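To keep things clear, I will list the structure first and then write my remarks on it.
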Amino acid sequence: MVAERAGLSTVALAGGGFSLKGFERQTSGRHAIVFIEGDGRPWRAGGRVIAEDPTPLRLLALSWMEKTPGPTLYLGRPCYFQSKADQPCDAMLWSYGRYSEQVVQSMVKALGGWLQKRPHISSLTLVGHSGGGVLALLLAERVPHTKEVIALSTPVDVDAWTSLHAYTPLFTSLNPVNHPGWRAGVQRSFYFGEADHQVPPSHFVSPARAISDAEVTVVKGVGHDCCGPDIWLKNAY
């Protein structure tokens, strides 16, 4: 397990009726980096059946956290890393509503509770991969500690993404491009892999650039796994 190998501690975070699993590294420092994983496995059988457990098999964001110094938190989502016996979960939370108001509120409460117990941390960078980047953008609007968002391979226009792949629309999810006005004082940086077929830059660079003061970078020779801290950490707080 990556978390054990990296010496990370497991934390249970209360998030509005859900217990969200997280991992953390507690070190000195007033700025923390929070990682949010991609959507994992919401579907099975080639996208025809909703999965019983959406937890990703490959924890890419967690492996990046292992390489990142200073205070860090890997923030889970409702019903991820859980068994059926742990808590009742509605599959809507990881399928059509994976970016819903309920999911966002749960993660905001979980992150807020984590911060309350760590008053020495005064600012945050939120790092999200793929759908985790969608959640990072939405969380940043409600967590005042957030000073920076790094969105990696992120389908910033959720409706355009489902249309591109002929998926059923995520009809109970929030879509960042419909956000009425972005909070000032937050640096938002987008990184896309030039060879990404899941979130191709040709479709998502434009809506990312439409966000006020956003910085957008297309990384050559990289696919959907874009991008590790060797690329963006130099710009983090």
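The values are calculated or read from the model by the stated rules, or taken from the named source; none is laboratory data. Bear in mind that the values here come from a model prediction, so they are computed numbers and not experimental data. Note that we place each Cβ from the backbone using ideal geometry, even for glycine, and neighbour counts take in every protein chain shown.
For (1) in contact (Cβ under 8 Å) with a residue 60 or more places away in the chain; (2) closer than 13 Å to R188 by Cα, each residue gets a yes or a no:
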{"site": "M107", "(1), (2)": "yes, no"}
{"site": "Q116", "(1), (2)": "no, no"}
{"site": "E141", "(1), (2)": "no, yes"}
{"site": "V149", "(1), (2)": "no, yes"}
{"site": "P155", "(1), (2)": "no, no"}
{"site": "V158", "(1), (2)": "no, no"}
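When segment 60-76 is limited to residues that are of a type outside the set (G, A, S), touching a strand residue (DSSP E or B) at 6+ places or on another chain (Cβ under 6 Å) and in a loop (DSSP other than H, G, I, E, B), the one that is surrounded by the most Cβ atoms within 10 Å (Cβ to Cβ) turns out to be P71.
Taken over segment 89-115, the criterion of being part of a helix (DSSP H, G or I), of a type in the set (S, T, N, Q) and touching a Pro at 6+ places or on another chain (Cβ under 6 Å) is satisfied by S106 alone.
Residues of segment 20-56 that are of a type in the set (S, T, N, Q) and under 17 Å from the mean Cα position of the chain (by Cα): T55 alone. For segment 213-229, taking the residues that are outside any strand (DSSP E or B) and free of Cβ contacts under 8 Å to residues at least 40 places away in the same chain, the one that is nearest to I33 (Cα to Cα) is identified as A214. For the residues S123, S100, the requirement of being surrounded by fewer than 18 Cβ atoms within 10 Å (Cβ to Cβ) and polar (S, T, N, Q) singles out S123. Quick one: in segment 144-158, which of the residues that are within 14 Å of the chain's Cα centre (by Cα) and assigned to a loop (DSSP other than H, G, I, E, B) is farthest from S100 (Cα to Cα)? The residue in question is S153. Here L111 does not qualify as closer than 12 Å to P176 by Cα and either among the polar types (S, T, N, Q) or surrounded by 24 or more Cβ atoms within 10 Å (Cβ to Cβ) (or both). Selection of segment 20-62 for residues being touching a Gly at 6+ places or on another chain (Cβ under 6 Å) and on the phi > 0 side of the Ramachandran plot yields only G29. Criterion applied to A195, A151 was being surrounded by fewer than 20 Cβ atoms within 10 Å (Cβ to Cβ) and of a type in the set (A, V, I, L, M, F, W, C), and the one residue passing it is A195.
Rundown of residues vs (1) surrounded by fewer than 18 Cβ atoms within 10 Å (Cβ to Cβ); (2) within 16 Å of the chain's Cα centre (by Cα); (3) under 29 Å from L233 (Cα atoms), yes/no style:
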| position | (1), (2), (3) |
| --- | --- |
| R58 | yes, yes, yes |
| P78 | no, yes, yes |
| F81 | no, yes, yes |
| A91 | yes, no, no |
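Regarding segment 128-135, can at least one residue be identified that is closer than 24 Å to H165 by Cβ, part of a helix (DSSP H, G or I) and touching a Ser or Thr at 6+ places or on another chain (Cβ under 7 Å)? Scanning segment 128-135, I find at least one residue that is closer than 24 Å to H165 by Cβ, part of a helix (DSSP H, G or I) and touching a Ser or Thr at 6+ places or on another chain (Cβ under 7 Å), so the answer is yes. Would you check if P207 is closer than 21 Å to L138 by Cβ, not in a helix (DSSP H, G or I) and not polar (S, T, N, Q)? Against the criterion (closer than 21 Å to L138 by Cβ, not in a helix (DSSP H, G or I) and not polar (S, T, N, Q)), P207 does not qualify. Kindly check whether there is at least one residue in segment 33-47 that is out of contact with any Asp or Glu (no Cβ under 6 Å at 6 or more places or on another chain), outside any loop (DSSP other than H, G, I, E, B) and modelled with pLDDT under 80. Yes, the conditions are met somewhere in segment 33-47.
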